[in-house]
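Written out below as structure tokens is the structure these notes cover.
The values are calculated or read from the model by the stated rules, or taken from the named source; none is laboratory data. Since this is a predicted model, take the numbers as computed values, not measurements. Every residue, glycine as well, gets a Cβ built from its backbone with ideal geometry; the counts of neighbours run over all protein chains shown. Ligands, DNA and RNA are excluded from the accessible area calculation, which covers all protein heavy atoms including side chains. Shrake-Rupley method; radii C 1.70, N 1.55, O 1.52, S 1.80 Å.
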Amino acid sequence: MFRAGVIGCGNIARVHARALKESGCAVLQAFADRNLEKAEAYARQYGGEETRCYTSLEEMLEREALDAVHICTPHYLHVPMAEKALEKGVHVFLEKPPAISLEEFYRLEQAKDRAKKEVGVCFQNRYNDTTEKLREILESGVLGEVRGARAFVTWDRETGYYRDSSWRGSWKTEGGGTLINQAIHTLDLLVYLLGKPQGAEASFHNHHLQQVIEVEDTLEAYIKFPGANACFYATNAYADDAPVLLDLVCRQGRIRMEGETLEIRKADGSKVWYDFEKKEPAVAKTYWGNSHQACIADFYECLMENKPFRNRLEAVEDTFRLVMELYGSAQYDKIVRKKEEGCQNG
């Protein structure tokens with residue numbers, strides 16, 4: 001049985017801890033948080049009699065013989081903490097985003113290569129029933145090639161969400177706003193389903209929190225994929241946390257995914273409708289996507305069987321590079337175009 005530790009005992013750590021406990025894929029051996037009482041509360045709820053608590057990652061790594069650590073801390077700590085864990089020979093399961101700059105991402109790649117350990121990223125929506133069915137339909141070819149796509153993330157984040165946190169809303173510590181924190185999952189689905197982006201342009205705005213945050217609350221983008229272009233819109237200025245909408249137009253029909261529902265419209269006018277029931281206990285807010293347990297369990301299964309993890313670091317690089325490119329386009333009013341040797345602003 002794998003021995004796991006969790007660093008950062010906030011809301012998302014609760015999702016990881018519960019997924020680990022209910023899946024049984026690893027023993028929760030230790031929790032760490034600068035607030036020891038929070039770590040102890042998590043240990044009582046999700047750990048066992050031998051679960052220990054610490055106030056720092058360094059102390060936890062020094063005193064515990066861990067196989068993997070789940071990093072559930074603020075964004076700016078993801079890479080520095082992952083590097084420390086990898087240096088100790090410990091596998092890493094990272095909450096998104098994997099980094100907040102390309103330089104950090106490359107540092108993480110190098111640390112992973114040196115340690116010869118796995119780094120997995122929690123893009124849990126790749127494991128949603130809707131996503132897996134949608135991918136199956138696309139790969140079957142029944143609807144033909146994808147001609148275009150649109151994706152909408154319309155959620156609600158008010159002043160308290162940022163003022164209750166010392167790191168959110170800052171370029172230095174959050175790395176951005178709605179794109180890198182909330183909408184990155186939906187952007188990842190576009191990349192996962194449509195392939196490596198070939199070009200992009202974007203603009204962003206802060207519509208309703210100008211005096212509260214320095215990052216964007218809204219971003220729109222136009223992204224070129226092989227054979228298809230995508231329109232992408234994400235905002236935290238809506239009145240509700242609405243289900244994510246993804247719509248793909250194919251040569252022989254179209255597919256619309258909204259939350260846990262999937263509608264297929266064929267060229268002959270026929271329709272097929274799927275409404276997926278959850279296969280596991282709800283471990284997250286519904287609009288987040290509810291496949292954390294499947295994602296985490298697969299990470300450990302891949303470690304056990306020594307096979308590539310679906311969300312390994314190199315498998316999410318295209319998504320992360322696209323995030324950075326969209327920010328660069330929006331900040332400098334440039335169109336990002338891909339060339340064989342990489343990408344450049346032009």
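Among (1) at positive phi; (2) open to solvent by 20 Å² or more (accessible area, probe 1.4 Å); (3) not charged (D, E, K, R), there is one condition Asn128 misses while meeting the rest; what is its number?
(1)
Could you tell me which of the residues Ser170, Ser165 is assigned to a loop (DSSP other than H, G, I, E, B) and at pLDDT below 95?
Checking each option against the conditions leaves just Ser165.
Counting just the residues of region 194-222 that are touching a Phe, Trp or Tyr at 6+ places or on another chain (Cβ under 6 Å) and assigned to a strand (DSSP E or B), which one comes out surrounded by the most Cβ atoms within 10 Å (Cβ to Cβ)?
Leu219
Any residue at all in region 147-161 that's in contact with a helix residue (DSSP H, G or I) (Cβ under 8 Å, 6 or more places away or on another chain), without any contact (Cβ under 8 Å) to a residue 40 or more places away in the chain and in a helix (DSSP H, G or I)?
No, region 147-161 contains no residue that is in contact with a helix residue (DSSP H, G or I) (Cβ under 8 Å, 6 or more places away or on another chain), without any contact (Cβ under 8 Å) to a residue 40 or more places away in the chain and in a helix (DSSP H, G or I).
Please find, within region 298-330, the residue that is nearest to Ala26 (Cα to Cα) out of those that are open to solvent by less than 30 Å² (accessible area, probe 1.4 Å) and of a type in the set (Gly, Ala, Ser).
By that ranking, first place goes to Gly328.
Kindly indicate whether Gly120 is touching a His at 6+ places or on another chain (Cβ under 7 Å) and crowded, with 18+ Cβ neighbours inside 10 Å. I'd like the intermediate steps shown before the answer.
Details: touching a His at 6+ places or on another chain (Cβ under 7 Å): no; crowded, with 18+ Cβ neighbours inside 10 Å: yes.
No.
Filter region 155-171 for residues that are of a type outside the set (Phe, Trp, Tyr) and out of contact with any Phe, Trp or Tyr (no Cβ under 7 Å at 6 or more places or on another chain) and give the result.
So the first thing to find is which residues in region 155-171 are of a type outside the set (Phe, Trp, Tyr), and the list is 156-160, 163-166, 168-170.
Result: Arg157, Glu158, Thr159, Gly160, Arg163, Asp164, Ser165, Ser166, Ser170.
Considering Asn181, Asn206, which residue is modelled with pLDDT of 95 or more and under 18 Å from the mean Cα position of the chain (by Cα)? Full working, then the answer.
Details: Asn206 fails: under 18 Å from the mean Cα position of the chain (by Cα).
Just one listed residue meets the conditions, Asn181.
Quick one: which strands (runs of 3 or more DSSP E) lie wholly within region 229-294 and hold at least 2 residues that are modelled with pLDDT of 90 or more, within 17 Å of Leu193 (Cα to Cα) and open to solvent by less than 20 Å² (accessible area, probe 1.4 Å)?
Working: elements: 245-250, 253-258, 261-266, 271-275.
Those strands (runs of 3 or more DSSP E) span 245-250, 253-258, 261-266.
Within region 84-141, how many residues turn out to be of a type in the set (A, V, I, L, M) and farther than 18 Å from Glu58 by Cα? Give the derivation first.
Taking region 84-141 as the starting set, the residues that turn out to be of a type in the set (A, V, I, L, M) are 85-86, 90, 92, 94, 99-100, 102, 108, 111, 115, 119, 121, 134, 137-138.
After this cut, where a residue has to be farther than 18 Å from Glu58 by Cα as well, the list is 99-100, 102, 119, 121, 134, 137-138.
Count: 8.
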